[in-house]
Every structure is written in C-alpha cells, then in structure tokens.
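Everything below concerns the one structure shown next.
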Amino acid sequence: MKKQVVLLAFGVGLAGGAEAQYPILDAVANRVIQKYQTASCEELWQKKEMPQSLEEQRALEFLRQDPQARTVFIDKVAGTIVNKMFACGMIP
C-alpha cells in the first residue's frame, strides 16, 4: 500500500511538473478547449474542411517533435474534443 502511494505521488509530481514546463502549451490547450466548448457542430464541420493556419501547422509540428509536450496537450484536451466530436456525429 505504501509503495502504491509513493508511486502515485511520484506520478502526480511528474504530471504537474510537465504542465508547469509548458506554460504556452497550457494556454493553447485552454484556447482549444474553449473553442470546442463554444463552437457549434456546423462550425466544427466547416473548420474541418478548411486548410490549417500557419499557427496551427507550427503547433502541430512542435507536438510531433516533442512527445512529452504532446502527451500533456492531449491529456488536457482529449475529453472535451472527443465529447464534442461524438455529439456532432464526427465520430461513430
């Protein structure tokens, strides 16, 4: 039991440290979350068909090159994005 608590505390410390390491990433993730929370399904479908902005391309390239940052970002935004996509019929 004690070993599990120590491992859990260590894991929480790593996760917290990773988020603190990427303050800009955290701000971008919050912006993405807000976009998905406030966008209508129609807006998301239209956005999906549009080409990515230069800013989006840079952000994606950064996430492709930094697996730790990618994990932090995806862990933060995944629930919101998947729930909205499911509600909008974008995923089965």
Using 0.36 nm times the number of residues separating MET50 and ALA87, minus their current alpha carbon distance, what extension gain do you get? 11.3 nm
GLN21 to GLN34: extension gain in nm, 0.36 nm per residue of separation minus the Cα-Cα distance? 2.5 nm
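Coordinate-derived values only; no laboratory data. Note that this is a predicted model, so its numbers are computed, not measured.
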